[in-house]
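What follows is a single structure, written as structure tokens, with notes after it.
The values are calculated or read from the model by the stated rules, or taken from the named source; none is laboratory data. Computed from a prediction, not measured in an experiment: that's the story for all the values here. All Cβ positions, even for glycine, are placed from backbone atoms using ideal geometry, and neighbour counts span all protein chains on display.
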Amino acid sequence: MTAFLASVSSVDEARVVADIADVVDLKNPEAGALGALASDRVQEIVRWSAGRYVLSAALGDLPMRPHLIADACEAMAASGVDFVKIGLFADIACRSCIQAAAARTLEAALVGVLFADQAPDLTLLDEMASAGFAGVMLDTADKRNGTLLDAMSEATLCAFVSRSHALGLFAGLAGSLRERDLPSVLRCAPDFVGFRGALCEGHERRGRISRDRARALAAQIEVHAGDRASTKNRLRFARTLRATSIDRQTSGSASMDAQAAGVAS
């Protein structure tokens, strides 16, 4: 079973997809691959949702500075979204950023985003699992250079999903995906597939979201991934995974504190 994530930038766009998609993802397509919405816009969507929908939010294309990432995660989590998506760009500080985010973010579950078109370091999956992240996803950083499948083979995507599951992480796939890409990506059995451009008129990610396009994508996911009614029940997954991840993060933080105390003594 695979869930449907739809990226939106306003309450009006959220209204279009909320009863079709399983996860409503808050993102600013004008500000990069993981462009963050302004905090007032995020809060407006959270208020409108009133707990009725599963919400995720992109943190932005931030530099890999642990304190900066941790501050931004904490602030976004406090807005009331279920998941915070953190872009993990190639940098020696990536591991420190993962640990800093996990230590400071206890109000939402964390999802690490790796970029298939930037030679991602897949050993970071182990780091995220150890830190208590809920999930991980593969996306593309440069939307001008084709789709996720242009950046990475189906076999590699399937290996990514399998490894994530083995580590206890849920796994998502996104990156300029179109309806024609669904058979390939769904054979990898990801927990969700994410869309923005394919939802918009003219496949332009900054364009107007079409309800008809959202319905067509949902129908294709049903065809290729099984019964979405079951997926939806399971994919209130955010509620369970959010609680589980917060428990794991709290336990992980306590463990790190205990280790630090042992070293200090």
The strands (runs of 3 or more DSSP E) lying wholly within the stretch 40-116 that contain at least 2 residues that are farther than 28 Å from Ser153 by Cβ are 54-58
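Residues checked against (1) among the acidic types (Asp, Glu); (2) under 17 Å from the mean Cα position of the chain (by Cα):
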site	(1), (2)
Val84	no, yes
Thr105	no, yes
Ala108	no, yes
Ala119	no, no
Leu122	no, yes
Asp139	yes, yes
Run down Leu88, Leu37, Leu68 and say which single residue is under 15 Å from the mean Cα position of the chain (by Cα) and either surrounded by fewer than 19 Cβ atoms within 10 Å (Cβ to Cβ) or farther than 25 Å from Arg15 by Cβ (or both). Leu88
For the stretch 114-132, what are the residues that are out of contact with any helix residue (DSSP H, G or I) (no Cβ under 7 Å at 6 or more places or on another chain) and in contact (Cβ under 8 Å) with a residue 40 or more places away in the chain? Phe115, Asp126, Ala129, Ser130
Can you tell which of Leu149, Leu114 is modelled with pLDDT of 95 or more and under 21 Å from Val24 (Cα atoms)? Leu114
Going residue by residue through the stretch 179-187, is there one that turns out to be touching a Ser or Thr at 6+ places or on another chain (Cβ under 7 Å) and over 19 Å from Val24 (Cβ atoms)? yes
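Considering only residues of the stretch 6-23 that are within 23 Å of Val161 (Cβ to Cβ) and at pLDDT 95 or above, which is surrounded by the fewest Cβ atoms within 10 Å (Cβ to Cβ)?
Ala6
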Unique residue being of a type in the set (Asp, Glu) and under 27 Å from Asp142 (Cβ atoms) when the list is Asp40, Asp25: Asp25
Subset of the stretch 1-39, residues farther than 13 Å from Ala58 by Cα, of a type in the set (D, E, K, R) and not in a helix (DSSP H, G or I), comes to Asp19, Asp22
Considering residues that are touching a residue at least 60 places away in the same chain (Cβ under 8 Å) and touching a helix residue (DSSP H, G or I) at 6+ places or on another chain (Cβ under 7 Å), the number found within the stretch 100-113 is 8
